[in-house]
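Notes follow once the structure below has been shown.
The values are calculated or read from the model by the stated rules, or taken from the named source; none is laboratory data. No experiment lies behind these values; they were computed from the predicted model shown. As a convention, Cβ positions derive from the backbone with ideal geometry for all residues, glycine included, and neighbour counts pool all protein chains shown.
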Amino acid sequence: MVESIIYLGITFVITAILGKYIIPMLKKLKVGQSERLDGPRSHLRKQGTPTMGGIIMIIALIIIVGISGFVNLEKAKIIIPIALATIGFGLVGFIDDYKKVVLKNTDGLNPKLKMLGLLVVATIYTVFLQNYGNLNNEIFIPIIKQYISLPVFIYIPFIILVMLATTNAINLTDGVDGLCGSVVAIISTAFSIICLKLGCPEVSIFSAIIAGTCLGFLIYNFHKAKVFMGDTGSLLLGGALSSVAIYVKMPLLLLVMAIVSVIETLSVILQVWSGKYRGKRIFKMTPLHHHFELSGWRENKIVVVWSVITLVASVLGILMI
């Protein structure tokens with residue numbers, strides 16, 4: 001536990017220091033956020049705020065994983081594959097952000113190519129775990145507190161689906177200053193505790209590293225944000241959560257702990273369905289946090305409420321082990 005806390009603290013400091021130098025660089029490069037004209041009016045003033053801040057997270061992650069390898073190579077051998085998968089998802093987001101803010105292509109990466117990129121990373125990670133991770137196709141069922149083994153032809157598609165769904169769900173959660181970072185910091189901290197209970201100290205360290213990265217980034221991302229993480233950051237964080245959950249055989253537990261992101265995703269699905277088949281909206285705007293914004297909630301209130309819900313769900317997750 002102490003080791004995980006130390007890594008969390010070191011990562012927090014590294015991320016905070018990197019932010020101090022990288023954010024001015026992003027400003028000079030004029031990689032500013034482009035806000036939706038049909039979005040909340042309050043977001044229009046965010047136009048031009050530096051984005052692609054997920055670069056800070058990627059660099060911090062590379063540095064701290066390098067430090068872990070120097071300190072204990074055996075533990076790093078477990079951390080590195082999870083970190084590589086996480087960075088892989090972040091790089092897909094980076095390409096999307098780069099096209100949007102540097103090449104001024106407002107559509108960004110083609111959705112099909114974006115999903116293909118995520119699919120490739122998820123598949124490589126799944127195949128790696130199948131061959132070297134000793135997973136035995138097992139997943140933990142929280143309610144009955146038992147492991148079940150799935151046939152390989154069900155397990156592999158299921159795991160890939162979990163990774164794709166998680167990255168997209170966390171991506172949808174990133175829409176209010178400090179929201180995504182706060183939610184993921186709480187879930188990552190909970191997973192760090194869970195991994196210790198399961199006897200996986202290395203994965204606990206990685207989860208603590210992700211929590212430290214989020215906390216360090218939040219210094220600059222809380223309202224009013226000085227930088228946005230962009231898809232670079234949100235896809236990286238989604239990849240981190242899913243990679244950890246799968247490694248410790250807890251993808252269903254992630255569904256409980258990330259309930260906020262699940263609800264955000266369902267709100268989008270329901271909105272699209274209602275518009276197509278009923279010809280009217282259910283919500284004022286989706287993802288769901290925008291509905292509450294348009295209902296008069298301040299961004300800070302949304303962050304606090306979503307974080308409290310996540311905290312309760314994460315505690316429940318810990319108790320389900």
Please determine whether any residue of segment 256-265 is farther than 16 Å from Ile139 by Cβ and either touching a strand residue (DSSP E or B) at 6+ places or on another chain (Cβ under 6 Å) or of a type in the set (Ser, Thr, Tyr) (or both).
yes
What tally of residues in segment 160-179 results from selecting those that are crowded, with 24+ Cβ neighbours inside 10 Å, β-branched (Val, Ile, Thr) and modelled with pLDDT of 95 or more?
4
If a residue has to be assigned to a helix (DSSP H, G or I), buried (at least 24 other Cβ atoms within 10 Å of the Cβ) and of a type in the set (A, V, I, L, M, F, W, C) to count, how many in segment 222-253 make the cut?
9
Output the residues belonging to segment 81-112 that are out of contact with any Ser or Thr (no Cβ under 7 Å at 6 or more places or on another chain) and either surrounded by fewer than 14 Cβ atoms within 10 Å (Cβ to Cβ) or hydroxyl-bearing (Ser, Thr, Tyr) (or both).
Tyr98, Val102, Leu103, Lys104, Asn105, Asp107, Asn110, Pro111, Lys112
I want to confirm something. Restricting to segment 25-41 and keeping residues that are in a helix (DSSP H, G or I), exposed (fewer than 13 other Cβ atoms within 10 Å of the Cβ) and not hydrophobic (A, V, I, L, M, F, W, C), which single residue is modelled with the lowest pLDDT?
Arg41
Which residues, taken from segment 273-310, are of a type in the set (Val, Ile, Thr) and either at pLDDT 95 or above or under 17 Å from the mean Cα position of the chain (by Cα) (or both)?
Ile302, Val303, Val304, Val305, Val308, Ile309, Thr310
Is one or more of the residues making up segment 278-293 of a type in the set (S, T, N, Q), assigned to a loop (DSSP other than H, G, I, E, B) and touching a helix residue (DSSP H, G or I) at 6+ places or on another chain (Cβ under 8 Å)?
yes
Do the conditions hold for Lys249, that is, is it out of contact with any helix residue (DSSP H, G or I) (no Cβ under 6 Å at 6 or more places or on another chain), touching a residue at least 40 places away in the same chain (Cβ under 8 Å), under 19 Å from Tyr125 (Cα atoms) and of a type outside the set (S, T, N, Q)?
yes
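Is it the case that Ile321 is under 23 Å from Met163 (Cβ atoms), over 18 Å from the mean Cα position of the chain (by Cα) and modelled with pLDDT of 95 or more?
Numbers: under 23 Å from Met163 (Cβ atoms): yes; over 18 Å from the mean Cα position of the chain (by Cα): yes; modelled with pLDDT of 95 or more: no.
Against the criterion (under 23 Å from Met163 (Cβ atoms), over 18 Å from the mean Cα position of the chain (by Cα) and modelled with pLDDT of 95 or more), Ile321 does not qualify.
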Taking segment 116-141, which residues are of a type in the set (S, T, N, Q) and closer than 21 Å to Ile95 by Cβ?
Thr123
